[in-house]
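Q: One structure coming up, written as structure tokens, with questions to follow.
The values are calculated or read from the model by the stated rules, or taken from the named source; none is laboratory data. Bear in mind the structure is a predicted one, so any value in this text is a computation, not a measurement. Neighbour counts are summed over all protein chains in view; Cβ atoms, including those assigned to glycine, are modelled from backbone coordinates with ideal geometry. These accessible areas exclude ligands, DNA and RNA; they are computed on the full protein's heavy atoms, side chains included. Shrake-Rupley method; radii C 1.70, N 1.55, O 1.52, S 1.80 Å.
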Amino acid sequence: MKHNVKNMVLVAMLAAVAYLLVFFIRIPVVLFLSYEPKDVVITIGGFLLGPMAAFAASVVVSLVEMLTISTTGPIGCVMNLLSTCSFACIAALIYKKRHNLAGAVLGLLAGSAAMVITMLLWNYLITPLYMTGTSRADVAAMLVPIFLPFNLLKAGFNAALTLLLYKPLVTALRRTGLVERKSSPAGKSKLGLYVFAGILLITCILLLLVLQGKI
């Protein structure tokens, strides 16, 4: 019982942090699309507690966002939930099965692929419902030049930041007693991991600038 209560507290805390990130950090990319780093916190929570914890945090954050700051209502809530769950839950599920550094990287890659595919499909289906004056044919024409690079950018940022922030965040949570020591992945290739994450992050920043028309 005590362990379950601790996990619930941790999920609630991570959901609160994820919501604050949405509230304070929203980077416009292209059209109505913007990047918020909430998925990073939710994914780390999934790595710590499993895919169901990531799902619970995703639901809470999406609902609270819809009721407070979102301008797209239930449709935006559904899209947020699909995007976050396809990335965070898939990554956490694979990491749960393969609880090491390779599993974390594989999970993030699989989550990235799942999110990109999922969002291309749902953007095609749902975007005409809330993008006034846009037909499904118009949306289909935007899938490759706009929605694909945006979702690749989002997945890349999520993966890179998760790899860079996982260890510091887990270390901080251990000091509070909310996380046990066994929750950390093996890290023999720590330098290589940070180099890979850094290169991915720089690549995503350059892609962001390209999509914004700044370079």
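Q: I need the full set of residues from segment 66-84 which are over 13 Å from the mean Cα position of the chain (by Cα) and under 30 Å from GLY103 (Cβ atoms), in order please. Quick ask: steps written out before the conclusion?
A: If we filter segment 66-84 for residues that are over 13 Å from the mean Cα position of the chain (by Cα), which is where we start, we get 66-78.
The answer is VAL78, and nothing else.
Q: Here's something else I'd like to know. Yes or no: GLY192 part of a loop (DSSP other than H, G, I, E, B) and more than 21 Å from the chain's Cα centre (by Cα)?
A: Values: part of a loop (DSSP other than H, G, I, E, B): no; more than 21 Å from the chain's Cα centre (by Cα): yes.
Taking the combined requirement at face value, the residue does not satisfy it.
Q: While we're on this one: Here is a list: THR71, THR127, THR84. Which entry is under 22 Å from LEU20 (Cβ atoms), of a type outside the set (Phe, Trp, Tyr) and in a helix (DSSP H, G or I)? Break it down stepwise before answering.
A: Numbers: THR71 fails: in a helix (DSSP H, G or I); THR127 fails: under 22 Å from LEU20 (Cβ atoms).
Going through THR71, THR127, THR84 in turn, the sole match is THR84.
Q: Taking the options TYR95, TYR124, TYR35, name whichever one is in contact with a strand residue (DSSP E or B) (Cβ under 6 Å, 6 or more places away or on another chain) and hydroxyl-bearing (Ser, Thr, Tyr).
A: Among TYR95, TYR124, TYR35, only TYR35 is in contact with a strand residue (DSSP E or B) (Cβ under 6 Å, 6 or more places away or on another chain) and hydroxyl-bearing (Ser, Thr, Tyr).
Q: Could you grab the pairs with beta carbons closer than 6 Å, sequence gap of 6+ or different chains, first residue in segment 12-38 and of a type in the set (S, T, N, Q), second one open to solvent by 20 Å² or more (accessible area, probe 1.4 Å) and outside any strand (DSSP E or B)?
A: Close Cβ pairs (under 6 Å, with a partner that is open to solvent by 20 Å² or more (accessible area, probe 1.4 Å) and outside any strand (DSSP E or B)) amount to SER34/ARG26.
Q: Turning to a different aspect of this structure: Filtering segment 168-196 down to residues that are farther than 13 Å from LEU48 by Cα and among the β-branched types (Val, Ile, Thr), which residue is modelled with the highest pLDDT?
A: In this case the residue turns out to be VAL195.
Q: In addition: Among the residues of segment 140-154, is any basic (Lys, Arg) and open to solvent by 50 Å² or more (accessible area, probe 1.4 Å)? Even if it seems obvious, please write down each step before you answer.
A: Taking segment 140-154 first, the residues basic (Lys, Arg) are 154.
Add one more test, that the residue is open to solvent by 50 Å² or more (accessible area, probe 1.4 Å), and what stays is none.
There is no residue in segment 140-154 that is basic (Lys, Arg) and open to solvent by 50 Å² or more (accessible area, probe 1.4 Å).
Q: Could you say which residue among MET119, MET131 is among the hydrophobic types (A, V, I, L, M, F, W, C) and modelled with pLDDT of 95 or more? Let's see the steps before the verdict.
A: Working: MET131 fails: modelled with pLDDT of 95 or more.
It is MET119.
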